[in-house]
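Below is one structure, written out as structure tokens; comments come after it.
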Amino acid sequence: MIEPVIDILLLAFMIVIALAVVRMRDLFGVAMLFSLFSLLSAGVFTVMDAADVAFTEAAVGAGISTILMLATLTRTARRERPRAKGVPILPLTVVFITGALLVFGTSDLPRLGDPDAPIHQHVADRYLQRSGEEIGIPNVVTSVLASYRGYDTLGETAVIFTAGIAVIALLGLRRRRPRQERKTDGRDALGETTVMPTAGMADERVPGRPEKGGDG
Amino acid sequence: MFTAAAIAVLITMALAVTRAILGPTVYDRIVAVNMFGTKTVLIIAVIAFLKGRHDLLDIALVYALINFIGIVAVLKFFEYGEFSRGGRGRP
Amino acid sequence: MEAVLDILSWILIVIGGTFGIIGGLGIVRLPTFFTRIHAAGMTETMCAAPIVLAMMLQAGWSLVTFKLAAILLFLFLTSPTSSHALAKAALHGGVDPMATRDPEEPEEAEG
Amino acid sequence: MLHHTVLRVVSKLLIPVIMLFALYVQFHGDYSPGGGFQAGVIFAAAIILYALLFGLDNTLEVLPPDLLQWTAALGVLIFAGVGIDTVLMGGNFLDYNRLAADGPAGQHLGIFLVELGVGITVTSVMLLLYYAFAGRNPGK
């Protein structure tokens, strides 16, 4: 009976953090608060018994996404630009209308965990009942993910792969010269062809520049 | 019994969130986030016990490990402003 | 035996919860960064350890106890380390510790 | 981060444990929460922790981007290869029942291979993303 209380409190923390993120100008602080946000959402998933989702949120949200956000901050400015004067009427209207539509849409949704919900009427029952004999592994999530819905997972893996390729194509990769001596300072090993850091920066700026032994 | 623990941890989390939002310096925020991470590990473990689902403990375990990496990344970002420097040799 | 374990768990949980709330109050109420990191560091050991220990007592001898022991070990390794690294980074980053307050120096009034 | 001696020592203790835990998540995903995605991310996080503390250049020597580009493709290839294999053995695409004599054994093998492919791809892509963002000079 404590679970609803935990749930409500975690969601309340999330709302508070979301408001703070909107108000904060320092992007570093925003990255920190996002890390808190993902910690909290993993807590909410845990309360909802969604162990695998919580696990993903724990691994991705707390670790990798914070690091990638900070790494992005090193490439951009640390502070948000000050906002323009005046009340932005048009965006506010759009946001309010969209929000109202979404809230209106939720009135049609079944209650959380409702056994009569449409999502539980088609194949979910069969997966849950037959997974034990057909697949033979205890974790139904894994059997749905990897076997029943193998096509989807293949698609997701391909998407991750494509995303990786896209980022490399846009940003390029730093490469170590293969025969380079071990330097005492990490800054000495800047790139493949460059000696001066500024020169390297200047031509690495060109997106998608074909490099030797290229990646794109 | 674990209800009491959950309430205590939730109160601590609320106070840590307060500091994370108020925090005048970035270091205050980092301290609050670090403390919050530890408390999340605790609350997930407590939830696992409240539900009697002990496989949820794996999530707490992964947090205990991953949270550290986040803090190290934050420190590195804050000390160097970039990620490619500061390896071996003089930082 | 069961009752003894329950009482022990209760004691540990009360200790952990109390320290947690005290540390939480500390991180909000204390005036400077280095005093706050003291409060935060205190919760990370004195709040986490008793609660996890209480859970271990409740779990009995099983894989669960092993996992909890692993959590406790990792928390004990990582939390003091990150607190230490953070304090060091803050010290090098120019946060005034205010601990070496010298009576001869009058300029500490601004803190 | 040379002057953080404590951090470096503790991380040296932790990195192998994190990698081991990633392998546990990878291969124990049939029985507990976890699987290829999560394991890949945790494994990449362990290597990123190393890169943060001991420098990107050391990491680039161990896991050069060229290798990671190949392994990123290899993971998808393993996944799709399992599917092609089941087709060649007379079943549908990704019909793991064909992989072994009885159904569940084939499913076990298929899921194992598929999760392995996912794990390899995710680890490689995460590391490549980190390299791409971290391995450059700041633009200021």
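Of all residues in segment B:40-69, which are more than 9 Å from chain A (Cβ to nearest Cβ) and more than 20 Å from residue D:11 (Cβ to Cβ)?
B:42, B:45, B:49, B:52, B:54, B:57
Give me the residue from segment C:11-31 that is among the aliphatic types (A, V, I, L, M) and facing chain B (nearest Cβ under 7 Å) and, out of that set, surrounded by the fewest Cβ atoms within 10 Å (Cβ to Cβ).
Here the residue is C:25.
Scan (1) within 14 Å of chain D (Cβ to nearest Cβ); (2) of a type in the set (Gly, Ala, Ser); (3) crowded, with 21+ Cβ neighbours inside 10 Å for the single condition residue A:50 breaks and write down its number.
For residue A:50, the failing item is (3).
Give segment C:44-101 a look and list any residue that's under 21 Å from the mean Cα position of the chain (by Cα) and among the charged types (D, E, K, R), or say none.
Passing the criteria: C:44, C:67, C:88.
Which residue out of D:125, D:118, D:41 is surrounded by 18 or more Cβ atoms within 10 Å (Cβ to Cβ), over 30 Å from residue C:63 (Cα atoms), among the aliphatic types (A, V, I, L, M) and at pLDDT 90 or above?
D:125
Taking segment A:62-83 as the region of interest, how many residues are under 13 Å from the mean Cα position of the chain (by Cα) and crowded, with 23+ Cβ neighbours inside 10 Å?
Looking only at that region, the number is 5.
Yes or no: segment A:32-44 includes at least one residue that is more than 24 Å from residue B:22 (Cα to Cα), surrounded by 18 or more Cβ atoms within 10 Å (Cβ to Cβ) and touching a Ser or Thr at 6+ places or on another chain (Cβ under 7 Å).
So far as segment A:32-44 goes, no, none of its residues is more than 24 Å from residue B:22 (Cα to Cα), surrounded by 18 or more Cβ atoms within 10 Å (Cβ to Cβ) and touching a Ser or Thr at 6+ places or on another chain (Cβ under 7 Å).
Looking only at segment A:104-162, which residues are on the phi > 0 side of the Ramachandran plot and surrounded by 14 or more Cβ atoms within 10 Å (Cβ to Cβ)?
The answer is A:136, and nothing else.
With the requirement that a residue be in contact with a Pro (Cβ under 9 Å, 6 or more places away or on another chain) and part of a helix (DSSP H, G or I), what does segment D:35-94 give you?
D:46
Condition check ((1) hydroxyl-bearing (Ser, Thr, Tyr); (2) in contact with a Lys or Arg (Cβ under 9 Å, 6 or more places away or on another chain)) across all residues:
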site	(1), (2)
A:69	no, no
A:74	yes, yes
A:103	no, no
A:106	yes, no
A:119	no, no
A:123	no, no
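Yes/no per residue for (1) at pLDDT below 90; (2) over 19 Å from residue B:74 (Cβ atoms); (3) more than 7 Å from every other protein chain (Cβ to nearest Cβ):
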| residue | (1), (2), (3) |
| --- | --- |
| D:1 | yes, no, no |
| D:6 | yes, no, no |
| D:20 | no, yes, yes |
| D:36 | yes, yes, yes |
| D:65 | yes, yes, no |
| D:85 | yes, yes, yes |
| D:93 | yes, yes, yes |
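If you go through segment D:46-95, how many residues are of a type in the set (Asp, Glu) and within 22 Å of the chain's Cα centre (by Cα)?
Total meeting the criteria: 3.
Out of the residues in segment A:14-30 that are out of contact with any Gly (no Cβ under 9 Å at 6 or more places or on another chain) and modelled with pLDDT under 90, which is nearest to the other protein chains (Cβ to nearest Cβ)?
For segment A:14-30, the residue satisfying everything is A:28.
Surrounded by 23 or more Cβ atoms within 10 Å (Cβ to Cβ), touching a Ser or Thr at 6+ places or on another chain (Cβ under 9 Å) and more than 9 Å from chain C (Cβ to nearest Cβ) - does that describe any residue in segment B:13-27?
no
When you look at residue A:33, is it away from chain D (no Cβ under 13 Å) and within 17 Å of the chain's Cα centre (by Cα), yes or no?
Numbers: away from chain D (no Cβ under 13 Å): yes; within 17 Å of the chain's Cα centre (by Cα): yes.
Against the criterion (away from chain D (no Cβ under 13 Å) and within 17 Å of the chain's Cα centre (by Cα)), residue A:33 qualifies.
Which condition breaks for residue D:30 when tested against (1) assigned to a helix (DSSP H, G or I); (2) more than 12 Å from the chain's Cα centre (by Cα); (3) touching a residue at least 60 places away in the same chain (Cβ under 8 Å)?
Exception for residue D:30: condition (1).
Can you tell me which residues in segment C:32-43 are facing chain B (nearest Cβ under 7 Å), touching a residue at least 24 places away in the same chain (Cβ under 8 Å) and under 13 Å from the mean Cα position of the chain (by Cα)?
Taking segment C:32-43 and keeping what is facing chain B (nearest Cβ under 7 Å), we get C:33, C:36-37, C:40, C:43.
Pick out the ones that are also touching a residue at least 24 places away in the same chain (Cβ under 8 Å) and you get C:33, C:37, C:40, C:43.
If the condition is that a residue be facing chain B (nearest Cβ under 7 Å), touching a residue at least 24 places away in the same chain (Cβ under 8 Å) and under 13 Å from the mean Cα position of the chain (by Cα), then C:37, C:40, C:43 are the ones that fit.
Test residue A:103 against the criterion of being more than 10 Å from chain D (Cβ to nearest Cβ), of a type in the set (Val, Ile, Thr) and part of a helix (DSSP H, G or I), and give yes or no.
Considered against the rule, which asks whether it is more than 10 Å from chain D (Cβ to nearest Cβ), of a type in the set (Val, Ile, Thr) and part of a helix (DSSP H, G or I), residue A:103 comes out as yes.
Go through segment D:96-130 and report how many residues are more than 9 Å from chain A (Cβ to nearest Cβ) and more than 24 Å from the chain's Cα centre (by Cα).
Qualifying residue count for the region: 4.
Within the group B:33, B:9, which residue is at the interface with chain C (Cβ under 8 Å from one of its Cβ atoms), in contact (Cβ under 8 Å) with a residue 12 or more places away in the chain and among the β-branched types (Val, Ile, Thr)?
It is B:9.
The values are calculated or read from the model by the stated rules, or taken from the named source; none is laboratory data. For clarity, every value in this text was computed on a predicted model and none was experimentally measured. Note: ideal-geometry Cβ built from the backbone for every residue, glycine included; neighbour counts use all protein chains shown.
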